[in-house]
1. What is the one condition in (1) in contact (Cβ under 8 Å) with a residue 40 or more places away in the chain; (2) assigned by TED's automatic domain parsing to the domain that holds D189 that V108 does not satisfy?
2. Give the residue that is nearest to the ligand (Cβ to nearest atom), with candidates limited to residues of the stretch 1-44 that are of a type in the set (S, T, Y) and closer than 16 Å to L127 by Cα.
3. Quick test of your reading of the structure: L147 fulfils all but one of (1) among the hydrophobic types (A, V, I, L, M, F, W, C); (2) free of Cβ contacts under 8 Å to residues at least 60 places away in the same chain; (3) not in a loop (DSSP other than H, G, I, E, B). Name the failing condition by number.
4. Only one of these conditions is not met by V146: (1) within 16 Å of the ligand (Cβ to nearest atom); (2) buried (at least 20 other Cβ atoms within 10 Å of the Cβ); (3) within 17 Å of V15 (Cβ to Cβ); (4) of a type in the set (V, I, T). Which number is it?
5. Going through L186, L152, L226, L238 one at a time, which residue ends up being more than 17 Å from V121 (Cβ to Cβ), surrounded by 18 or more Cβ atoms within 10 Å (Cβ to Cβ) and either under 13 Å from the mean Cα position of the chain (by Cα) or touching a residue at least 60 places away in the same chain (Cβ under 8 Å) (or both)?
6. Can you name the condition, by its number, that G202 falls short on among (1) touching a residue at least 40 places away in the same chain (Cβ under 8 Å); (2) surrounded by fewer than 24 Cβ atoms within 10 Å (Cβ to Cβ); (3) in a helix (DSSP H, G or I)?
7. Would you pick out the residues in the stretch 200-223 that are away from the ligand (no atom under 13 Å from the Cβ) and either among the hydrophobic types (A, V, I, L, M, F, W, C) or not assigned by TED's automatic domain parsing to the domain that holds P176 (or both)?
Amino acid sequence: MAVDALPDLTSYDAVLFDLDGVLTPTAEVHMHAWQTMFEELFAAWDIQPPYTERDYFDYLDGKKRYDGVASLLRSRDVEVHWGDPSDDPSADTVCGIGNRKNAVFSRVLRAEGIAPYLGSVALLDQLDAAGIPVAVVSSSKNAEEVLRTAGLRERFPVVMDGVIAERDHLASKPAPDVFVEGARMLGVDPARSVAVEDAISGVQSAVAGGFALVIGVDRGTGPDELRNAGAHLVVDDLAELVTPPASGPLPEPATPQIAEEKPA
Ligand SMILES: [Mg+2]
């Protein structure tokens, strides 16, 4: 199904949003956190060449946290034990270093804050005014913290995040589980609801979950890539989906008839 005209989202039963890249520009905070952590680590271990932004795109972006750590260290001929996800952030293992990055992420988030995309807030405002239920469906275990920091938490009665997914053993995107569970928690039918995503795996998840409308937000992934993943519609910013107030002449007021028509 392709969508030509921009749809009115208030005609659906609910809208479920991915978080990172859809509601907040969180990728920048992740980049900053990786950089801070690796610069400290490289200095402490005297690793050369120094960490650069290129390393983020070559070794970290899109990978699971621990896989990213291992591949970046390997690029500098550094091997450390894998360790365990429960490792303390001070542990010099792949998992410990990954957990250290997460601790830095939280620190950066607290120190610098994060502002939501204004277009996304405008759409949330419109949905709220129309009484349309909304939820967040995120793979991130930091979703609650990001939402609170961005001042968005109280807008969402349901936040289906990485913590719940792990607890309930839900398969991660591109499997449909998390979007379907988000709809269930919100008490809505995916077949009458909208999903909004910026990642290929997220679009695939929502399509597999049977959502009536899957919107791709192109923050750099590319419109063709999002459409090929199954997005029915791709926008650059959610402001495009905010319906402008009705324009043109006001409708004629109903002709008062009381004066002319006398009751029989
Ligand atoms: Mg995303």
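The values are calculated or read from the model by the stated rules, or taken from the named source; none is laboratory data. Only a predicted model underlies this, so the values are computations on that prediction, with no experimental measurement involved. In this analysis, Cβ positions are derived from the backbone assuming ideal geometry, glycine residues included, and neighbour counts consider all displayed protein chains.
1. Here V108 clears every test but (2).
2. Let us first name the residues in the stretch 1-44 that are of a type in the set (S, T, Y), namely 10-12, 24, 26, 36.
Now drop any that are not closer than 16 Å to L127 by Cα, which leaves 10-12.
Details: T10: 23, S11: 25, Y12: 20 Å.
Ranking the qualifying residues of the stretch 1-44, first place goes to Y12.
3. Evaluating L147 over (1) among the hydrophobic types (A, V, I, L, M, F, W, C); (2) free of Cβ contacts under 8 Å to residues at least 60 places away in the same chain; (3) not in a loop (DSSP other than H, G, I, E, B) leaves (2) as the failure.
4. For V146, the exception is condition (3).
5. Exactly one residue qualifies, and that residue is L186.
6. Looking at each condition in turn, G202 falls short on (2).
7. The initial filter retains those residues of the stretch 200-223 that are away from the ligand (no atom under 13 Å from the Cβ), namely 207-214, 222-223.
Within the stretch 200-223, V207, A208, F211, A212, L213, V214 qualify.
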